[in-house]
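The structure appears below as structure tokens.
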Amino acid sequence: MRRRWLLALTAAVPSLASWRTRSADAEEPDESRAGDPAAARGRALGVHAGEFVHVYDPSVGESEPWYINDHCFVRDDAGTWHMFGITHAEPAAPLDEHIFAHATAPDLLGPWTKQPPALTLDRSYYGETHLWAPHVVHHDGLYWMFYCGGGNDHTQYAISVATSPDLWTWTRHPGGPLFRDGYDARDPMVLRLGGHWIMYYTATSDPAGGNHVVAYRTSADLVHWSERGIAYTDPVEGTWGGGTESPFVLPRFGLWYLFIGPRGGYVGTDVFVSLNPRHFETGWTAGHVASHAAEVIEAEGSWWVSSAGWGRGGVYIAPLEWK
């Protein structure tokens, strides 16, 4: 059954394209409607995932099992898919994650080929201590990879960027990290919104701790970023970890959807809905997906969601359903 489903799915989506890499503007929201959750929930469709299929195993060619954690997908001009992600040999060792995995495939569902690491830790580069959660967008002829470079002070973690003309050779921004935030601020996700860029990332209400939040900043040029705002505040307090990791925001049906986790277990992502991409609240839910570090991909009217994580054996993809 799984093989027949995979073959049918591959045939149906020969030219998938990730919406998240595009520079086209999403519509700026009407701020006057930001405080009307009932209107958003009344219009929202529920979000569900179909069967997940294992598409990439980073352990191939290695003498021991490896994992992929937070990751992203992008397709180049020739139609080749690229996957970048946190990687390390099992068991989980987050503070020892020093390289970004790179794999390529002719189709989103594979076959995927392991490539040399895309980026390797550079301790001389403003104190990088590890490499976490790459996210790639394409703009002005360059690919921009945003990531967390860590730091010795958990209240001042670095969000940095490297650029590439071809997705193979990456050069760190010479000006250093874009900004620093805490506690362990990380997992950046960037999209174009109303003539500017907005970056979401996980942090805490106070850099030293407090409520887990989804923070955001805006930019006109992808280099200079505003002071932070808060898009979502979780009732749970803490420092490392928390239920606002791996934020992913996208527009759909005139609404905005926020994916965050882990929630309801390590392999669990909650989906929130709002009329405003800068304001989500607990209870404004639209679904739950059995995914860790979920990434969403739009494919010519069809939608897909990925999953990975420690002890998971690589990357999985499933259809994402709105109903």
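Some observations on this one:
- Which of His98, Gly110, Tyr200, positive extreme of dipole for the chain (C-beta unit charges): Gly110
- Percent accessible area from carbon and sulfur atoms, region 141-186, protein chains only, probe 1.4 Å: 50 percent
- Note on Thr104 and Val236: the extension gain reaches 43.7 nm, defined as 0.36 nm multiplied by sequence separation minus the Cα-Cα distance.
- Working ranking of peptides 308-319, 279-290 by packing, defined as the average number of other Cβ atoms within 10 Å per residue, highest first, is 308-319, 279-290.
- Close amide-amide hydrogen proximity is noted between Ala231 and Val214, Ala215, Tyr216, each under 5 Å apart and 5 or more residues distant or on a separate chain (H modeled in the peptide plane; Pro and chain starts excluded).
- Net charge dipole size for region 185-292 [Lys, Arg +1 and Asp, Glu -1 on Cβ; Debye, nearest 20]: 300 debye
- Heavy atoms of Ile99 accessible to a 1.4 Å probe, total area in Å² rounded to 10: 40 Å²
- Under the Debye formula (equal points on every Cα, no solvent term), log10 I(q)/I(0) of the chain at q = 0.08, 0.15 Å⁻¹: -0.32, -1.29
- Under the convention that each Lys and Arg Cβ holds +1 and each Asp and Glu Cβ holds -1, the size of the dipole of the chain around its Cα centre is about 640 debye.
- Extended-chain gain in nm, criterion 0.36 nm per residue less alpha-carbon gap, His139 and Val223: 29.0 nm
- Dividing the summed -39500 (n - 2.57) terms of all DSSP H runs of n ≥ 4 by the residue count of the chain sets its mean residue ellipticity at 222 nm at -1500 deg cm²/dmol.
- Segment Glu281-Thr113, length gained on full extension (0.36 nm per residue, minus Cα span): 56.5 nm
- Region 95-165 and region 204-245 have Cα centres lying 20 Å from one another.
- Simple label model, 7 Å out from Cα along Cβ direction - Tyr126 to Ser63, nm: 3.7 nm
- Ser291 long-range amide H proximity, modeled H, under 5 Å: Gly268, Thr269
- Distribution of pairwise C-alpha distances over region 147-271, 10 Å bins, in %: 13, 43, 34, 11, 0
- Each of Thr120, Tyr147, Ile159 was scored by the projection of its Cα onto the charge dipole of region 109-184, and the greatest displacement toward the positive side belongs to Thr120; charges sit on the C-beta of Lys, Arg, Asp and Glu.
- Over region 66-185, the ratio between the Cα radius of gyration and 2.2 N^0.38 Å evaluates to 1.04.
- Among Trp168, His279, Phe253 the positive-end extreme of the charge dipole of the chain (Cβ point charges): Phe253
- Per residue, the accessible area of the chain comes to 38 Å² when a 1.4 Å probe rolls over the protein heavy atoms.
- Per-residue HN-Hα couplings for region 196-211 [Karplus 6.51, -1.76, 1.60; θ = phi - 60°; Hz; x = Gly/Pro]: 9, 10, 10, 10, 9, 7, 8, 7, 10, 4, 10, x, 8, x, x, 5
The values are calculated or read from the model by the stated rules, or taken from the named source; none is laboratory data. Keep in mind the model is a prediction, meaning the values are calculated, not measured. Backbone-built Cβ (ideal geometry, glycine too); neighbour counts: all protein chains shown. Surface accessibility is based on the protein's heavy atoms, side chains included, excluding ligands, DNA and RNA. Shrake-Rupley method; radii C 1.70, N 1.55, O 1.52, S 1.80 Å.
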